[in-house]
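Asker: Below you'll find the structure I mean.
The values are calculated or read from the model by the stated rules, or taken from the named source; none is laboratory data. It should be emphasised that the depicted structure is a prediction, and the values quoted were computed from it without experimental measurement. Note that each Cβ is placed from the backbone with ideal geometry, even for glycine, and that neighbours are counted across all protein chains shown.
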Amino acid sequence: MKRTLTALAVVVAAVAAGATWYIHSKQPMRDGQVQLAHLDGAVSVRYDERGVPHIKAQNEADMYRALGYVQAQDRLFQMEMLRRLARGELAEVLGAKLVDTDRLFRTLRIREHADEYVPKLDHQSPAYKALEAYLDGVNQFQDSHPKPVEFDLLGIKPRPFTAEDTLSVAGYMAYSFAAAFRTEPVMTYVRDELGADYLKIFDLNWKPQGAIGQAALASNDWKDLSAIARISHDALVEAGLPQFEGSNAWTISGSRTEGGKPLLAGDPHIRFAVPAVWYEAQLSAPGFELYGHHQALNPFASLGHNMDFGWSLTMFQNDDIDLVAEKVNPDNPEQVWSNGQWVTLQTREEEIKVKDAASVKLTLRQSPHGPIINDALGAAAGKTPIAMWWAFLETENPILQGFYELNRANTIEKMRSAGAKIQSPGLNLVWANAKGDIGWWAAAQLPIRPEGVNPTFILDGSTHDADKNGFYPFSANPQEENPARGYIVSANFQPVSPTGMEVPGYYNLADRGARINSHLADNSVKWNLENSQALQLDTATDYSKRVLKPLIPVLRTVVTDPQELALLEQLSTWKGDYSLDSVSASIFNQLIYQLADSAMRDELGDAFFNNLIATRSFDVALPLLAADGDSPWWDNRNTPAKETRADTVKAAWQASIAHLKATAGDDPKTWKWGTLHTLTHGHPLGSQKPLDKIFNVGPFAAPGSHEVPNNLSAPVGPAPWGVIYGPSTRRLIDFADPAHSLGINPVGQSGVPFDAHYSDQAQTYVTGGYVPQHFEESEVAANTKGTLKLVPVK
């Protein structure tokens, strides 16, 4: 027995030692010396207490090569997954369940576009040479180090990263902005299958002459569109990778700040994931200094600042995708009517490799209006081809050069010039400098559509409605420079062009922006880092009040239970604040879902209903529906009686109370928002047990909600609510003292499991904390925890 126990102990110790060695072999190296090919001189990489690298090089090429190397050792798996998602190659490592996602992304032609686009670039430009150096650093790390643990688990064979991968990821980011896939099918269905009365709550101008008629789409075509919207939504959710959703940014001139210089605030709203979207790094070379937030496979910071200037981003949310229903030749299904003649669809054959299964053959078709997105459904596609016109595929879009210049834009003129080169996706660039200037530019190339065409609906490809008459000049885009009011707010609401032209888009409601604006408009306040934090962390808007105002009188006539009446009165005085201990927040969130479910599911069916509640069109519709007592939506088509608003509101209230009791207990005191509204940062492998315990981070009780400044948002649905997106960082730069800016990462700087910086900021983030972004040499030195020296190969 003693010998057996001894042997067992030896085995256990050996396994533990092996596991320890294995985990250690995967960890980033943040101290020591490494030889790196193609360097002209030594590069110093000092890591601070959060694992942020501060890179000092003797020239830009070495600087970007070092960035690629250190970002790869923290984020190589993220880089791999993003390029596979964008290029339709996930099924090769994740199996057959990702075939639909791969088929969708192949159909979008991102891969094909990138492969054709890269050879056309100026390979001698400073921007392209910087990209080459960066990718060389990524590949040198990959070639010389053990594979990430995720590569081992999935059987991923490393291959070099290329410029085509970088441009493909840019295409994925552009697509993740696009709301057309999820919105246009359901809006067209409401118009053509339900009618104008049902469309009123969406606040749209109904122009039947501006798009396809009712007879153009058959029932199978509606099923196609519903399935495409579902695949589009699921592809972004299931991949466990960042998706851009919205954002806040504002800048305040020195006349309104405590320090007398401009102040910049920004918190882009992006789907939460592990690792987080941003990789922080301070880059330094002769003539260049920047503290930046970088995306995977992009050497240029998407957010950044230095002692002279800084900027943040929000989504423009302009409509840069049109879905077009083509008219098919009855004698030849491979032809469509365009410009007065039958045109043969272009075809392309591709193959999707599938792990542990046969490859899937794919035929991609294209009409004069763009790729046929039905091909994402394979053999199950209906008869009517739906084409996609997408600005990302149709514009020159020198986005690489644009961001290279953006990283160096210390004057209004340079910033305006950089913005003009960012054509898709549409972005709001909010900028300030230490000299005192502030500005905002909506960067996108906006198409000129025929007069009267409403691109919210699917367009008719057999007419000229789907044509584009060129693009508007950048000077016509919404923008402001040094406005007299002394501040600028960008929060995804609909902007106004200086020319007065229409800018179609899928904009967020004005409530969040109005909340921020109401604070910044107070001339008695002098702004600093402290009160700016409070504004970024604000958890209220007037949206709930707008929804509840017409409903409270109705509820008072249908609620009779004394305990429920007490809850109703609490709800009637609720200020719309989503604090952790709010019970009214939970009741309201459950009520709006039940209200939508009771009023809309019967008309739309499950698929279109689920698509609708995931769009911004639902946010627009809800307060308008609540206020319209005569809306046809109130009647339940599945019953013989004709229900009224009071009937449907009563049913929604009763269902809400019953669900909260079943979920959180009979005592309403247990229905607190922080108990039911939680944040878990999900890893691509964390959807499977027990891997979730290893890779995911959370859950955490989460304040805030949808469309409040602290926009920690969960999908519309029944409790409990899992937060899926929110501020991807919160940054504050006061140009009276730009060296002492503040920021936060939602999880941690590293994407390597078991690393000390994998999740070390998660608790600070969710509780509203900020950390310093070290910039000055003395503070970087004082906070250095390790120094990695990269030296040329001898």
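Asker: Working carefully through the options 444, 432, find the one that is closer than 18 Å to residue 408 by Cβ, in contact with a Pro (Cβ under 8 Å, 6 or more places away or on another chain) and surrounded by 24 or more Cβ atoms within 10 Å (Cβ to Cβ). Lay out the reasoning, then the answer.
Answerer: On the way: 444 fails: closer than 18 Å to residue 408 by Cβ.
After applying the criteria, what remains is 432.
Asker: Which residue, of 615, 639, 573, is β-branched (Val, Ile, Thr) and in contact (Cβ under 8 Å) with a residue 24 or more places away in the chain? Give the derivation first.
Answerer: On the way: 639 fails: in contact (Cβ under 8 Å) with a residue 24 or more places away in the chain; 573 fails: in contact (Cβ under 8 Å) with a residue 24 or more places away in the chain.
Just a single option satisfies the conditions, and that option is 615.
Asker: Restricting attention to the stretch 755-794, report how many residues are closer than 29 Å to residue 711 by Cα and not small (Gly, Ala, Ser). Write out each step before concluding.
Answerer: Let us first name the residues in the stretch 755-794 that are closer than 29 Å to residue 711 by Cα, namely 755-775.
Retained after the next criterion (residues that are not small (Gly, Ala, Ser)): 755, 757-758, 760-761, 763-767, 770-775.
Counting residues in the stretch 755-794 that are closer than 29 Å to residue 711 by Cα and not small (Gly, Ala, Ser) gives 16.
Asker: Right, next: Can you tell me how many residues within the stretch 320-341 are at negative phi and surrounded by fewer than 24 Cβ atoms within 10 Å (Cβ to Cβ)? Break it down stepwise before answering.
Answerer: Quick first cut of the stretch 320-341, residues at negative phi only: 320-338, 341.
Then drop every residue that is not surrounded by fewer than 24 Cβ atoms within 10 Å (Cβ to Cβ), which leaves 327-335, 337-338, 341.
Residues flagged as at negative phi and surrounded by fewer than 24 Cβ atoms within 10 Å (Cβ to Cβ) within the stretch 320-341 amount to 12.
Asker: Could you check how many residues of the stretch 141-177 are in a loop (DSSP other than H, G, I, E, B), farther than 30 Å from residue 427 by Cβ and not hydrophobic (A, V, I, L, M, F, W, C)?
Answerer: Our first condition is that a residue be in a loop (DSSP other than H, G, I, E, B); within the stretch 141-177, this holds for 145-148, 155-162.
Filter once more, keeping what is farther than 30 Å from residue 427 by Cβ: 145-148, 155-159.
The next check asks that each one be not hydrophobic (A, V, I, L, M, F, W, C); those that pass are 145-148, 155, 157-159.
Count: 8.
Asker: For residue 417, are the conditions met, namely being under 22 Å from the mean Cα position of the chain (by Cα) and hydroxyl-bearing (Ser, Thr, Tyr)? Walk me through it before giving the result.
Answerer: Details: under 22 Å from the mean Cα position of the chain (by Cα): no; hydroxyl-bearing (Ser, Thr, Tyr): yes.
Spelling it out, it is not the case that residue 417 is under 22 Å from the mean Cα position of the chain (by Cα) and hydroxyl-bearing (Ser, Thr, Tyr).
Asker: Looking at 492, 477, 482, can you tell me which residue is at positive phi, surrounded by 21 or more Cβ atoms within 10 Å (Cβ to Cβ), in contact (Cβ under 8 Å) with a residue 24 or more places away in the chain and in the same structural domain as residue 316 (by TED's automatic domain parsing)?
Answerer: Values: 477 fails: at positive phi; 482 fails: surrounded by 21 or more Cβ atoms within 10 Å (Cβ to Cβ).
Every option except 492 fails the conditions.
Asker: Find the residue count for the stretch 87-138, including only residues that are farther than 30 Å from residue 377 by Cα and either part of a helix (DSSP H, G or I) or touching a His at 6+ places or on another chain (Cβ under 7 Å) (or both).
Answerer: Quick first cut of the stretch 87-138, residues farther than 30 Å from residue 377 by Cα only: 119-138.
From the residues that got through so far, the ones that are either part of a helix (DSSP H, G or I) or touching a His at 6+ places or on another chain (Cβ under 7 Å) (or both) too are 119-120, 126-138.
Qualifying residue count for the region: 15.
Asker: Follow-up. Within the stretch 683-709, restricting attention to residues that are in a loop (DSSP other than H, G, I, E, B) and modelled with pLDDT of 95 or more, which residue is nearest to residue 535 (Cα to Cα)?
Answerer: Out of the qualifying residues, it is 709.
Asker: Can we say residue 444 is out of contact with any helix residue (DSSP H, G or I) (no Cβ under 6 Å at 6 or more places or on another chain), more than 28 Å from residue 90 (Cα to Cα) and not β-branched (Val, Ile, Thr)?
Answerer: Values: out of contact with any helix residue (DSSP H, G or I) (no Cβ under 6 Å at 6 or more places or on another chain): yes; more than 28 Å from residue 90 (Cα to Cα): yes; not β-branched (Val, Ile, Thr): yes.
So residue 444 passes the test.
Asker: Give the residue that is nearest to residue 473 (Cα to Cα), with candidates limited to residues of the stretch 371-410 that are free of Cβ contacts under 8 Å to residues at least 60 places away in the same chain and out of contact with any helix residue (DSSP H, G or I) (no Cβ under 9 Å at 6 or more places or on another chain).
Answerer: Across the stretch 371-410, the extreme among qualifying residues is 396.
Asker: Grab the strands (runs of 3 or more DSSP E) fully contained in the stretch 416-522, keeping just those with 3 or more residues being of a type in the set (A, V, I, L, M), at pLDDT 95 or above and over 22 Å from residue 615 (Cβ atoms). Walk me through it before giving the result.
Answerer: On the way: elements: 427-433, 438-443, 479-481, 487-490.
By residue number, 427-433.
Conditions tested, residue by residue: (1) free of Cβ contacts under 8 Å to residues at least 24 places away in the same chain; (2) touching a Cys at 6+ places or on another chain (Cβ under 6 Å); (3) of a type in the set (A, V, I, L, M).
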residue	(1), (2), (3)
91	no, no, yes
96	no, no, yes
99	no, no, yes
106	no, no, no
111	no, no, no
116	yes, no, no
121	no, no, yes
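Asker: Could you pull out every one of the strands (runs of 3 or more DSSP E) wholly within the stretch 285-384 that has 1 or more residues that are among the aliphatic types (A, V, I, L, M) and under 30 Å from residue 447 (Cα atoms)?
Answerer: Details: elements: 288-294, 303-305, 309-315, 321-325, 332-338, 341-344, 346-352, 360-367.
Where strands (runs of 3 or more DSSP E) fall fully within the stretch 285-384 and carry at least 1 residues being among the aliphatic types (A, V, I, L, M) and under 30 Å from residue 447 (Cα atoms), they are 303-305, 309-315, 321-325, 332-338, 341-344, 360-367.
Asker: Quick one: how many residues across the stretch 525-562 are in a helix (DSSP H, G or I) and under 34 Å from the mean Cα position of the chain (by Cα)? If you could, list the steps in order and put the result at the bottom.
Answerer: Of the stretch 525-562, the ones in a helix (DSSP H, G or I) are 529-536, 543-548, 551-558, 562.
This time we only want the ones that are under 34 Å from the mean Cα position of the chain (by Cα), so: 529-536, 543-548, 551.
Counting residues in the stretch 525-562 that are in a helix (DSSP H, G or I) and under 34 Å from the mean Cα position of the chain (by Cα) gives 15.
Asker: Anything in the stretch 772-791 that is surrounded by 17 or more Cβ atoms within 10 Å (Cβ to Cβ) and among the hydrophobic types (A, V, I, L, M, F, W, C)? List them, or say none.
Answerer: 775, 780, 788, 790
Asker: Restricting attention to the stretch 573-585, which residues are surrounded by 16 or more Cβ atoms within 10 Å (Cβ to Cβ) and polar (S, T, N, Q)?
Answerer: Matches in the stretch 573-585: 582, 584.
Asker: While we're here: Just one of (1) hydrophobic (A, V, I, L, M, F, W, C); (2) buried (at least 22 other Cβ atoms within 10 Å of the Cβ); (3) more than 30 Å from the chain's Cα centre (by Cα) trips up residue 634, so point out which.
Answerer: (2)
Asker: Of the conditions (1) surrounded by fewer than 18 Cβ atoms within 10 Å (Cβ to Cβ); (2) under 25 Å from the mean Cα position of the chain (by Cα), residue 605 satisfies every one except a single condition; which number is it?
Answerer: Among (1) surrounded by fewer than 18 Cβ atoms within 10 Å (Cβ to Cβ); (2) under 25 Å from the mean Cα position of the chain (by Cα), residue 605 violates only (2).
Asker: Moving on to the next point. If I filter the stretch 93-134 down to residues being out of contact with any Pro (no Cβ under 9 Å at 6 or more places or on another chain) and among the basic types (Lys, Arg), which single residue comes out as surrounded by the fewest Cβ atoms within 10 Å (Cβ to Cβ)?
Answerer: Looking at the filtered set, the residue picked out is 120.
Asker: Still on this structure, I have one more. Kindly list the number of the only condition in (1) within 15 Å of residue 528 (Cα to Cα); (2) touching an Asp or Glu at 6+ places or on another chain (Cβ under 8 Å); (3) of a type in the set (Val, Ile, Thr) that fails for residue 270.
Answerer: The one condition residue 270 does not meet is (1).
Asker: Here is a further query. Can you confirm whether the stretch 24-43 contains a residue that is of a type in the set (Gly, Ala, Ser), loosely packed, with under 11 Cβ neighbours inside 10 Å and modelled with pLDDT under 75?
Answerer: Taking the stretch 24-43 and keeping what is of a type in the set (Gly, Ala, Ser), we get 25, 32, 37, 41-42.
Checking which are loosely packed, with under 11 Cβ neighbours inside 10 Å leaves us with 32.
Still in the list and also modelled with pLDDT under 75: none.
No.
Asker: Does the stretch 70-82 include one or more residues that are of a type in the set (Gly, Ala, Ser), in a helix (DSSP H, G or I) and at pLDDT 95 or above?
Answerer: If we filter the stretch 70-82 for residues that are of a type in the set (Gly, Ala, Ser), which is where we start, we get 72.
In the following step, the residues that additionally are in a helix (DSSP H, G or I) were identified as 72.
From what's left, at pLDDT 95 or above: 72.
Yes; the residues of the stretch 70-82 include at least one that is of a type in the set (Gly, Ala, Ser), in a helix (DSSP H, G or I) and at pLDDT 95 or above.
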